[in-house]
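Asker: Attaching a single structure in structure tokens format; questions to follow.
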Amino acid sequence: MTNAATFDRGFQVEEQGEGLLITGTGAGLSIGRMILLFCPLLFLAMPTAFYLVNGPLGFLPESAGYPLGVFINVAVLWGINRLKSARFAFRLLPSGLQREGKLYPYQEIGEVFIDNPHMKGQTFASGGIVPGFVVAGSGPAGMTAALSMVTAADTTSRIIGLGARMGASINYRINMRHGNRIVRLATSLDENTALSLFGFLTQDA
């Protein structure tokens with residue numbers, strides 16, 4: 001018996017009212033990344049811990065510097081993971097894209113694109129939304145958009161060119177250009193989720 005493969009976009013799509021609600025979270029830090037970061041961060045945390053023990057926290061014994069350093073290190077890792085696990089949410093409506101209570105009409109959106117702050121000045125994929133959604137089928141699930149974009153193969157090859165830098169690999173962003181402003185739709189994404197979300201917005205929405 002053959003089981004159907006699990007379909008995972010990397011984000012969630014939910015019909016809501018007249019539109020689609022798109023939600024998800026950043027990639028966060030994997031266990032491997034946490035282990036790689038632990039040692040270099042510890043070199044910074046230990047001096048800080050002993051400075052505190054010999055200063056503001058002078059009531060603590062000298063030996064408390066070691067567990068305090070580990071605690072500071074873990075706290076910093078937790079904070080970084082939280083920053084890299086930021087939640088994103090926006091809605092696709094017949095009249096435009098809605099984010100944080102603001103509606104951006106499709107005809108005012110110049111493009112949707114992927115970038116990475118570790119590779120400044122480079123856009124890895126760009127799709128231009130043609131004004132207006134065409135409502136077809138039954139309900140918002142039938143909405144389609146006419147767009148222009150680079151091919152999936154070209155997009156993938158350009159992104160892979162980033163290399164294996166740890167920071168870059170979970171720092172992809174999906175943005176849209178509204179007039180002279182850049183609006184972030186999703187941040188701290190891994191490569192697969194960035195490609196999936198970009199493809200959904202420019203082909204499947």
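The values are calculated or read from the model by the stated rules, or taken from the named source; none is laboratory data. Keep in mind that what you see is a predicted model, and the values were worked out from it rather than measured. Here the Cβ positions follow ideal geometry from the backbone for every residue, glycine too, while neighbour counts run over all protein chains shown. All accessible areas refer to the heavy atoms of the entire protein, side chains included, with ligands and DNA or RNA removed. Shrake-Rupley method; radii C 1.70, N 1.55, O 1.52, S 1.80 Å.
Asker: Among the numbered conditions (1) of a type in the set (A, V, I, L, M, F, W, C); (2) open to solvent by less than 20 Å² (accessible area, probe 1.4 Å); (3) touching a residue at least 24 places away in the same chain (Cβ under 8 Å), tell me where Val53 comes up short.
Answerer: (3)
Asker: Look at Arg33 and say whether it is over 19 Å from Leu185 (Cα atoms) and in contact (Cβ under 8 Å) with a residue 60 or more places away in the chain.
Answerer: yes
Asker: Hey, another quick one. In region 56-82, how many residues are in contact (Cβ under 8 Å) with a residue 24 or more places away in the chain and within 29 Å of the chain's Cα centre (by Cα)?
Answerer: 7
Asker: What residue, among those in region 1-11 that are over 13 Å from Leu201 (Cα atoms) and of a type outside the set (Phe, Trp, Tyr), is surrounded by the fewest Cβ atoms within 10 Å (Cβ to Cβ)?
Answerer: Restricting to residues being over 13 Å from Leu201 (Cα atoms) and of a type outside the set (Phe, Trp, Tyr), the top hit is Met1.
Asker: Can you tell me which residue in region 20-50 is farthest from Phe88 (Cα to Cα), limited to those that are among the β-branched types (Val, Ile, Thr) and open to solvent by 60 Å² or more (accessible area, probe 1.4 Å)?
Answerer: Residue satisfying both the conditions and the ranking: Thr48.
Asker: Taking region 70-112 as the region of interest, how many residues are open to solvent by 30 Å² or more (accessible area, probe 1.4 Å), of a type in the set (Gly, Ala, Ser) and part of a helix (DSSP H, G or I)?
Answerer: Matching residues across region 70-112 total 1.
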